[in-house]
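Q: Okay, handing you the structure first.
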Amino acid sequence: MTDRLTDIAFIRALLERHGFSFSKGLGQNFIVNPEICPKIAEYGSAAPGFGVLEIGTGIGVLTAELARRADRVSAVEIDTRLLPVLEETLSGFSNVRIYNEDVMKCDLRKIIAGDFAGLRAVVCANLPYYITSPVIMLLLESRLPVESITVMVQREAADRLCAQVGTRESGAITVGVNYYGTARRLFNVSRGSFMPQPNVDSAVIRIDLHEETPLSGDRERFFFRMVKAGFSQRRKTLANALSSMLGIPKQVVYDVLSAAGCQENARIEQLSMEQLIMIAEKLYS
Ligand code: SAM
């Protein structure tokens, strides 16, 4: 059965039997290209000794591929209408657990601790596009005990997530990702690989998480406030952005910028990760 989960005629019949119709609002574009799931699973470290957390199962095409390779798969799916479908498509697997919850509200730490005891944990998913950045930031900020996050996202989101800090392509999310880990783009996926077909192409990326972060506590919170303020007015100089958004006097920012070896008129997108951290530390103190 599971090798038919990319067969369009089979999927149509399955969904019709369950009276299921796609929800655009939930970002339901299911993978129908048989080459994609094995590659995500392979790159995502789904293997013996691993527990995989999946976000958004759809009809379970990626879930099944992960369950074939890893010791355990725990998946969060918000759409209750998919539960009877999954009961059918994943009936052959005893190592899968589905949580019918909203990923933004459920206790992922508890799921990992309860389901993956003694296993190494990773995240693999074809993310619903409408919440790509919030889900990735949630996964990173919650400091879950996972080694890597391998996800399919819209191609433009992949560009941003994998951009170099200090370039025009970077954004607040680029800094967020680089603060917690190292991102790399794995492969592109064309829009024709999905049902229904979206209007954009996708790409799969992997973020390997650092064991430690450069800052913690209030310093870390200040760092992210500064980054958000800087990127919310990215065309302004950092001194202008921080004085208007955070009320920090421009002269204070100039002094800190020059101590960090930067021009007074530097914009946030021109600063390296090391410079951003140094500037945040100095401004915080
Ligand atoms: N993994 C399947 C695949 O690749 O074919 C489905 C991927 S589809 C892009 C995204 C899935 O995420 C849908 O099944 C959708 O119902 C689910 N989803 C959307 N919002 C969610 C949320 N807030 N929490 C959990 N699941 C969600």
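A short reminder: the numbers here are calculations on the coordinates, not readings from a lab. Quick caveat: nothing in here was measured; it's all calculated off a predicted structure. Glycine gets a Cβ as well: all are built from the backbone with ideal geometry, and neighbour counts include every protein chain shown.
Q: Roughly speaking, what % of Cα-Cα pairs in the range 145-191 are separated by over 15 Å, rounded to a whole number?
A: Beyond 15 Å sits 42 percent of the P(r) for the range 145-191.
Q: Grab the other residues whose beta carbon is less than 11 angstrom from that of L14, score K and R as +1, D and E as -1, and report the net.
A: 0
Q: Separate question: Regarding the range 89-151, what is the average projected area of its C-alpha convex hull, in nm²?
A: Convex hull of Cα atoms, orientation-averaged projection: 5.0 nm².
Q: What number comes out for the charge environment of E169, summing +1 per Lys or Arg and -1 per Asp or Glu over other residues with Cβ under 14 Å away?
A: +3
Q: Over the Cα atoms of the chain, compute the convex hull volume and normalise it per residue, giving Å³.
A: Numbers: hull volume 35.8 nm³, N = 285.
Per residue, the Cα convex hull of the chain comes to 126 Å³.
Q: If you count, for each residue, the other Cβ atoms within 10 Å and average over each peptide, how do 225-236, 148-159 line up from highest to lowest?
A: Peptide ranking by packing, descending: 148-159, 225-236.
Q: Any idea what the dipole of the chain comes to, in debye rounded to 20, about its Cα centre with Lys/Arg Cβ at +1 and Asp/Glu Cβ at -1?
A: Working: 32 positive and 32 negative charges, 132 e Å.
Computed charge dipole of the chain: roughly 640 debye.
Q: Looking at the chain, send over the antiparallel percent of its DSSP beta bridges, to the nearest 5. Write out the running numbers ahead of the final one.
A: Working: 17 of 35 bridges.
The antiparallel fraction comes to roughly 50 percent.
Q: Sort 96-103, 210-217 by the packing proxy (mean of other Cβ within 10 Å over each peptide's residues), most packed first.
A: 96-103, 210-217
Q: Now for a different question. Rounded if a/c is under 1.5, else prolate if a/b beats b/c, else oblate: with a ≥ b ≥ c from the C-alpha gyration tensor eigenvalues square-rooted, which is the range 124-273?
A: Prolate, because a/c is 1.5 or more and a/b exceeds b/c.
Q: Still on this structure, please answer the following. Suppose we keep just the alpha-carbon trace of the range 217-284; what are its Rg and Dmax in angstrom?
A: For the range 217-284, the Cα radius of gyration and maximum Cα-Cα distance read 10.3, 29 Å.
Q: Considering only S244, L144, I111, whose Cα is most displaced toward the positive end of the charge dipole of the chain, charges sitting on Cβ of Lys, Arg (+1) and Asp, Glu (-1)?
A: Of the listed residues, the answer is S244.
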